[in-house]
Amino acid sequence: MGELKTNYGENVECKCAKVNMPNVEIGADECEVNDDRPNKDLLKHLQSLVECPVCLGSIRTVPVSCCPSGHVVCTDCRSQLVSCPVCRTVYPSLQLVSHLAAGIIDKIPHPCKFKAYGCSQSLLLSSLPAHETSCSFRLVSCPNILCDLKISLAGLYRHMIVNGCASQHDLKVTSSMPSVSTVLMTGRVKSVDELLYKIPLVFSYEGNMFLIIKKQSADLIQFSASILGSPEQGRQFMVSIAVFSERMPCNVVEYKGFANSVDGPVWCALTVHKDHMGELLDQVEENEFQQKFKYHYKVKISRNE
């Protein structure tokens with residue numbers, strides 16, 4: 001509350017009620033403008049100053065190459081160019097660098113390198129490596145041995161299902177305290193070698209997607225469980241895999257451990273020698289595909305307490 005003096009010498013009492021307007025807050029004691037648009041525009045402009053015009057990636061290392069007019073380009077693209085991609089000026093024999101761009105790089109957040117795949121994060125350079133290692137949009141290899149594509153992790157599940165790169169199965173709850181779910185897989189093969197080409201198993205548990213992957217290294221066959229996520233997420237779950245013979249119940253191998261990350265090192269896995277794997281297959285009547293061996297394996301999963 002205050003007084004205003006008019007030109008006529010009258011004292012007029014002024015009561016400024018608080019008024020709310022979009023991006024503007026007016027009060028009795030202060031007037032404050034809440035609008036970060038200028039900051040966003042400035043940041044966008046600064047980011048454009050260190051964006052390579054060829055690959056459109058954010059330049060993250062110094063020195064920053066440039067042409068006589070100051071147009072910058074990343075190191076990888078510069079090695080393949082003879083002239084500036086913006087003004088077409090031929091690069092001189094003496095390499096020119098932009099001190100302006102170099103001064104900006106460490107001061108502003110840079111977009112994640114997986115921006116084109118859907119990531120909206122922008123972070124300072126010191127924080128980017130850790131984020132990009134576990135980014136939900138990072139590129140990972142399809143786990144199917146017959147597919148050599150790299151897919152964004154966010155789209156991996158859809159890719160596997162649509163393209164037949166994995167087989168989805170539902171879990172069966174076998175215990176409630178603690179919650180344990182299982183899935184039993186059976187199938188036929190001509191030999192142990194064909195087992196490796198059976199597509200991975202994919203299933204959902206507590207909102208997360210998991211894979212059972214088979215790989216061969218020399219004479220060893222490896223069964224492992226992986227989460228479509230980070231190693232930290234994988235350590236929240238305990239998975240066991242048992243490969244067994246139905247006709248000879250004593251022939252069984254089993255392991256229990258954390259779920260691995262789909263694109264990380266395999267820390268926990270069930271490893272079986274090819275010769276021993278032959279003892280875990282049941283011989284059955286040969287079908288039209290000349291498959292005369294039957295395999296069985298059971299997967300159990302629970303949250304790691």
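The values are calculated or read from the model by the stated rules, or taken from the named source; none is laboratory data. Quick caveat, the model's predicted, so the values are computed rather than measured. Neighbour counts are summed over all protein chains in view; Cβ atoms, including those assigned to glycine, are modelled from backbone coordinates with ideal geometry. Each accessible area value is taken on the protein alone, full model and side chains, heavy atoms only, with ligands, DNA and RNA left out. Shrake-Rupley method; radii C 1.70, N 1.55, O 1.52, S 1.80 Å.
Here are a few things to note about the model shown:
- Within the range 259-273, being surrounded by fewer than 16 Cβ atoms within 10 Å (Cβ to Cβ) and assigned to a strand (DSSP E or B) holds for T271, H273.
- Residue that is least open to solvent (accessible area, probe 1.4 Å), among those in the range 69-125 that are within 30 Å of the chain's Cα centre (by Cα) and of a type in the set (D, E, K, R): R78
- Count of the range 197-215 residues, restricted to those that are exposed (fewer than 15 other Cβ atoms within 10 Å of the Cβ) and either at negative phi or of a type in the set (S, T, Y) (or both), is 1.
- The criterion of being of a type in the set (K, R), assigned to a strand (DSSP E or B), under 28 Å from I227 (Cα atoms) and open to solvent by 80 Å² or more (accessible area, probe 1.4 Å) holds for K256.
- Scanning the range 143-185 for residues that are open to solvent by 50 Å² or more (accessible area, probe 1.4 Å), without any contact (Cβ under 8 Å) to a residue 24 or more places away in the chain and assigned to a helix (DSSP H, G or I) yields R158, V162.
- Residue in the range 111-118 that is under 30 Å from G278 (Cβ atoms) and outside any loop (DSSP other than H, G, I, E, B) present: no
- Selection count, the range 203-219, where residues are in a strand (DSSP E or B) and either modelled with pLDDT under 90 or under 17 Å from the mean Cα position of the chain (by Cα) (or both): 8
- Residues located in the range 55-68, provided they are open to solvent by 50 Å² or more (accessible area, probe 1.4 Å) and either in contact (Cβ under 8 Å) with a residue 12 or more places away in the chain or not in a loop (DSSP other than H, G, I, E, B) (or both): C55, R60, T61, V62, P63, P68
- Flag for G229 being within 27 Å of S175 (Cβ to Cβ), open to solvent by less than 50 Å² (accessible area, probe 1.4 Å) and in a loop (DSSP other than H, G, I, E, B): yes
- Unmet requirement for E51, which otherwise passes all of (1) more than 30 Å from the chain's Cα centre (by Cα); (2) open to solvent by 60 Å² or more (accessible area, probe 1.4 Å): (1)
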